[in-house]
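Readers should treat all values here as calculations from the given coordinates under stated rules, not as data from a laboratory. All values reported here derive from a predicted model rather than from experimental measurement. Here Cβ is always computed from backbone atoms with ideal geometry, including for glycine, and neighbour counts include all displayed protein chains.
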Amino acid sequence: MLKIEVHRTLSPVLADMRGDGYRLVGLEQTTDSHNLHQYRFQCKTALVIGNERTGLTPELLKLLDDVVEIPVWGMPFSYNVATATAMTLYEYCRQYPEG
């Protein structure tokens with residue numbers, strides 16, 4: 001049977017996922033973010049994606065284990081959220097091709 005849960009905030013969901021052994025990885029440009037192309041994902045990873053314009057809030061960033069960013073040269077300084085998400089998921093799948 002399909003189970004649907006409704007949450008008004010992301011914090012409790014992330015806490016549950018961490019409790020289930022997931023590493024919480026955000027996709028955001030920060031001073032401490034890791035280069036996506038050099039980052040080694042854990043198999044049990046929850047990728048946290050922010051808002052198209054505002055990104056991840058400082059409160060959410062504090063809850064994450066790691067933050068990755070996609071290096072960009074030139075303008076614009078970032079990819080749109082759909083493209084960045086696809087690129088990050090591709091990198092995860094490249095690291096875990098057995099699925």
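Can you tell me what share of the DSSP beta bridges in the chain is antiparallel? A percent to the nearest 5 is fine.
On the way: 1 of 11 bridges.
In the chain, DSSP labels about 10 percent of beta bridges as antiparallel.
Starting from the Cα gyration tensor of region 51-99, take the square roots of the eigenvalues, sort them a ≥ b ≥ c, and report rounded, prolate or oblate (rounded when a/c is under 1.5, otherwise prolate if a/b is larger than b/c, else oblate).
Oblate.
What is region 11-95's relative contact order, in percent, from Cα pairs under 8 angstrom and six or more apart in sequence? Walk me through the numbers before you get to the answer.
Numbers: 105 pairs, mean separation 31.3, N = 85.
It rounds to 37 percent for region 11-95.
Evaluate the charge dipole of the chain about its Cα centre and quote only its size in Debye, nearest 20, assuming +1 on the Cβ of each Lys and Arg and -1 on the Cβ of each Asp and Glu. Could the numbers behind the result be given before it?
On the way: 9 positive and 12 negative charges, 25 e Å.
I would put it at about 120 debye.
Hey, what do the phi angles of region 80-86 turn into as Karplus ³J(HN,Hα) couplings, whole Hz, using 6.51/-1.76/1.60 and θ = phi - 60°, x for Gly and Pro?
Each residue's phi maps through the Karplus curve to give 5, 4, 5, 5, 4, 5, 4 Hz.
Treat the count of other C-beta atoms within 10 Å as a stand-in for reagent exposure and order Leu27, Leu2, Leu64 from fewest to most.
Values: Leu27 24, Leu2 3, Leu64 20.
Ranking Leu27, Leu2, Leu64 by Cβ neighbours within 10 Å, fewest first, gives Leu2, Leu64, Leu27.
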